[in-house]
Every structure is written in C-alpha cells, then in structure tokens.
Amino acid sequence: MGKNYLIAITILFFSLSTGIKAQSVTVTKVLHYLEIQNQIEIEKDLIKVGFKFNKKRSESNMTQYSYYKADNYGLQKISIFNNDELFSIVYHPVPDFYLSMKEIMLKKVDFTYAYTNKDTKFYESNNMRIGINDKHETVSFFVKLNE
C-alpha cells in the first residue's frame, strides 16, 4: 500500500506541476505588468517563460507589441498597447485558463458591468477596466498610463 500511495502522490505532483507550467502569465503577473508599465521588463519576462516576439506596430499615438507561445497546451497570445492616455494588455490564454482568469478577475476586484461592444462585455472598477470576450476567449485590461 505504501508503494502505491507514493506512486499516486508522484503522479499527482507531476500532473499539477505540468498544469501550472502550461499557464505562463498568471493574473498576478498581468496585474504586475499593468502596475509597472515597463515594456522592456515585460518583454524579458515573457521571453523567459517561452513567449516569442511577433511584431511591433505603431499608428498615430498608439503602439502595440505582440507575443505568442505555442506548445502542447495550445496557443497563447498577448498584446501590449499604449497611447498617450492608456496602458492595455489583451491576453488570449489557453482555453482552460481563460475561464479561471475571467472568474478570478471578476471576483478579485469590485468590478461592475459597464457596457457591451460587439462580443466584449466591459466591467469597471475605480482604477481599471476589463473586457471579457467569451467568443474569442480573451481578457483585456485597461489602466491609465503612468506619468
């Protein structure tokens, strides 16, 4: 019995650690990125966890940096936007984590429903707006740009 118990614990440990590794960008990391708003530091962190730089796009007063990560768990995409007023992160995590992130964000902060635009429902708190798009499984985060 002791040997079977040890085997079961080992399998459970590896299953949990693999599942945790699948999600590279946690809610805590996203909130940290929104706080620091430092593109260079965010990029270093994303690359460290396996994301690849996709492209930089600039239009009028908006700049976008996009990254992706494709592995056995699926495709993750993250884009970072800023303009002269807002800093934003749009995250498309692996499907299983999308539901968790959505629930955590809506419960973590006191968000209230604000409006719907196309397929995205927007919620607001005192210092942040999030967009939840169930059709495309993306979560968008918007905060004021640090001065």
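A few points about this structure:
- Residue match in region 111-123 (condition: outside any strand (DSSP E or B) and of a type in the set (Val, Ile, Thr)): no
- Looking at Asp110, Asp119, just one residue is under 17 Å from Leu31 (Cβ atoms), touching a residue at least 12 places away in the same chain (Cβ under 8 Å) and exposed (fewer than 15 other Cβ atoms within 10 Å of the Cβ), and that residue is Asp110.
- Matching residues, region 55-75, being under 26 Å from Ser100 (Cα atoms) and not basic (Lys, Arg): Gln64, Tyr65, Ser66, Tyr67, Tyr68, Ala70, Asp71, Asn72, Tyr73, Gly74, Leu75
- Some residue of region 25-32 being surrounded by 13 or more Cβ atoms within 10 Å (Cβ to Cβ), part of a loop (DSSP other than H, G, I, E, B) and within 11 Å of the chain's Cα centre (by Cα): yes
- Any strands (runs of 3 or more DSSP E) falling wholly within region 35-105 and containing at least 2 residues that are aromatic (Phe, Trp, Tyr) and either in contact with a strand residue (DSSP E or B) (Cβ under 8 Å, 6 or more places away or on another chain) or surrounded by 16 or more Cβ atoms within 10 Å (Cβ to Cβ) (or both): 62-71, 86-92
Where a number appears in this text, it was derived from the coordinates with a stated rule and is not lab data. Everything numeric here is computed off the predicted structure, so don't read it as measured data. Methodologically, a virtual Cβ is constructed for each residue, glycine included, from the backbone with ideal geometry; neighbour enumeration extends over all protein chains shown.
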